[in-house]
Amino acid sequence: MKLFKCQSCGQVLYFENTRCESCGHQLGYLPRAMTVTALEPDGDRLRALAAPERPLLLCDNAGYDACNWLTEADGPGTLCLACRHNRTIPDLTVPLNLQRWTLLERAKHHLFYSLLRLKLPLKNRIEDPEHGLAFDFLADAPDAAAPKVMTGHDNGLITIALVEADDAERERRRTRMHEPYRSLLGHFRHEVGHYFWDVLVRDGGRLEDCRAVFGDDSQDYATALQTHYQSGPPANWQENYVSRYASTHPWEDWAETWAHYLHIVDTLEMASAFGIKVQPRISRDGSLSAAVDLDPYETADMTTIIDAWLPLTFAMNSLNRAMGNPDLYPFVLSPAVVTKLSFVHDVIRGRPAP
């Protein structure tokens, strides 16, 4: 994620902003231009100062304060590029549903920023009814005895349990699952990793290459999952996996590694936007130093990305501890995990295996 600037007054803006606090202009996000733009009314339409030649409208979901993206006034439908991927949303007449869905939408739009920056193929269920990327945001049934909604992926359809947007419940689940962190954006990044395994690995001619790095995915998934929950991860899991859950099955290893790849590139882009430089005063060899001045979305070499990421997280973890908070990035990137991250990086960039 990066910083933006108001085209009217030059005020620094964030991705989520809907109004410039300096000049008062309404704001919207132009996904094709990948910029937040100041807006001016143009009859029943909007004119973007960043692209004045195209008449625009805000996405219909802006009316719920759930989206700030723009769509072309004469385009297909009145939902933005990200919201067209919604298949099911909860009953928004229920105030709690609306509140939670809005939080999910903000995380989903952050995800789509990355997917578009990475130039990944994005087809919705209208464009590809069988395999397009779609989201079901589902609330649990009122009956406490009824089965709970499970977050997961099935052939392009990603289900997100609405209750995950409740901070207390998400923390309860994090603790129960022995997870170092659990976030809405993390859910989106993980589940979309399964979708892109289908698109880029299985259907992209990289299956055998992927198996050489992540292991044989043909092993029974249900059995692997049951074994994980009964016995936990192997004792030395940190030597080969980015998380405990990644050790469950090669599919989960890929999805977890994919999610961490998105964590890394998106956080580094924001660090670069702020011109962050890490240079510990007591370090002599420079191993914990980095000037984060790269564009990780365009960087070809994964080693360059990792060399910036490790000093940044060392510094940010230390700052969080000084505030009495958990580490920003409580993970160890072993050489085996870096190899897996490099494979994800190469698959996204379309490079063949060495």
- Give me the net charge of Leu207's neighbourhood, meaning all other residues with Cβ under 11 Å from the Cβ of Leu207; Lys, Arg count +1, Asp, Glu -1. -3
- Message: Averaging the inverse of every distinct alpha carbon separation and then flipping it gives the Kirkwood radius. What is it for segment 226-354, in angstrom units?
- Response: 15.9
- Task: Indicate the gyration tensor shape class of segment 71-180 (rounded, prolate or oblate), computed on the Cα atoms with a ≥ b ≥ c the square roots of the eigenvalues: a/c under 1.5 is rounded; otherwise a/b larger than b/c is prolate and the rest oblate.
- Result: prolate
- With an 8 Å cut-off on Cα pairs and a minimum separation of 6 or more residues, tell me the relative contact order of the chain in percent. 11
- May I ask for the net charge around Ser114, where only other residues with Cβ less than 12 Å from the Cβ of Ser114 are counted and Lys, Arg are +1 while Asp, Glu are -1? +3
- Please list the non-local residues whose amide H lies under 5 Å from the amide H of Ile158, H modeled 1.01 Å from N, same-chain partners needing a gap of 5 or more. Ala134, Phe135, Asp136
- For segment 211-302, which semi-axes, largest first and in whole Å, follow from the square roots of 5 times the eigenvalues of its Cα gyration tensor? 35, 16, 11
- Item | 3J(HN,Hα) from dihedral phi, segment 323-330, Karplus parametrisation 6.51/-1.76/1.60, rounded to Hz, x for glycine, proline | 8, x, 10, x, 4, 4, 10, x
- For an R0 of 25 angstrom, estimate the FRET efficiency from the Cβ-Cβ distance between Tyr181 and Leu118 and round to the nearest 0.05. 0.65
- Note on the structure: Sorted by chain and number, the residues with a modelled amide H under 5 Å from that of Ala50, at a separation of 5 or more or across chains, are Ala38
- Task: Springs between alpha-carbon atoms under 10 Å, Gaussian network over the chain: tell me which of Asp65, Asp143, Asp154 tops the mean-square fluctuations.
- Result: Asp143
- Query: Taking every DSSP beta bridge that has both residues in the chain, what percent is antiparallel when rounded to the nearest 5?
  - Reply: 75
- As a percent rounded to 5, the proportion of antiparallel DSSP bridges among beta bridges in segment 101-223 is 40
- Express the C-alpha Rg of segment 267-318 as a ratio against the empirical globular expectation 2.2 N^0.38 Å, rounded to two decimals. 1.08
- May I have the pair-distance distribution P(r) for segment 312-354, computed from all Cα-Cα distances with 5 Å bins from 0 and rounded to whole percent? 5, 21, 17, 14, 14, 12, 9, 5, 2
- Message: Can you tell me the length gained on complete extension of the stretch Glu130 to Val94, counting 0.36 nm per residue apart and subtracting the Cα distance?
- Response: 9.9 nm
- Note on the structure: At 37 °C and 0.692 mPa s, the Stokes-Einstein diffusion coefficient in µm²/s for segment 145-280, with hydrodynamic radius from the Kirkwood sum on alpha carbon pairs, is 198
- Note on the structure: Residues other than Thr175 with Cβ under 12 Å of its Cβ, Lys/Arg counted +1 and Asp/Glu -1, net out at +3
- Message: For the chain, what does the helix formula give at 222 nm: sum of -39500 (n - 2.57) over DSSP H segments with n ≥ 4, over the residue count, nearest 500 deg cm²/dmol?
- Response: -11500 deg cm²/dmol
- Message: Once ligands and nucleic acids are excluded and a 1.4 Å probe is used, how much of Asp220 is accessible, expressed in Å² to the nearest 10?
- Response: 90
- Given the convex hull over the Cα atoms of segment 1-59, what projected area results after averaging over all orientations, in nm²? 3.8
- Message: Using alpha carbons only, how many angstrom separate the centre of segment 63-96 from the centre of segment 267-297?
- Response: 37
- Query: According to the square roots a ≥ b ≥ c of the eigenvalues of the Cα gyration tensor, what is the shape class of segment 129-219, taking rounded for a/c under 1.5, prolate for a/b larger than b/c otherwise, and oblate for the remainder?
  - Reply: prolate
- Query: Can you list, bin by bin at 5 Å, the percent of alpha carbon pairs in segment 1-139, starting at 0?
  - Reply: 2, 10, 19, 22, 20, 15, 9, 3, 0, 0
- Message: For the chain, set up a GNM with springs between Cα atoms under 10 Å and report which of Asp216, Asp74, Asp307 has the largest fluctuation.
- Response: Asp74
- Query: Given R₀ = 22 Å, FRET efficiency for Arg351-Val199 by Cβ-Cβ distance, to 0.05?
  - Reply: 0.85
- Task: Note the per residue figure in Å³ for the convex hull of the C-alpha positions in segment 200-248.
- Result: 83
- Arrange the peptides 125-131, 27-33, 206-212 so that the one whose residues have, on average, the most other Cβ atoms within 10 Å appears first. 27-33, 206-212, 125-131
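The values are calculated or read from the model by the stated rules, or taken from the named source; none is laboratory data. Computed from a prediction, not measured in an experiment: that's the story for all the values here. All Cβ positions, even for glycine, are placed from backbone atoms using ideal geometry, and neighbour counts span all protein chains on display. Note: areas computed on protein heavy atoms with side chains; ligands, DNA, RNA excluded. Shrake-Rupley method; radii C 1.70, N 1.55, O 1.52, S 1.80 Å.
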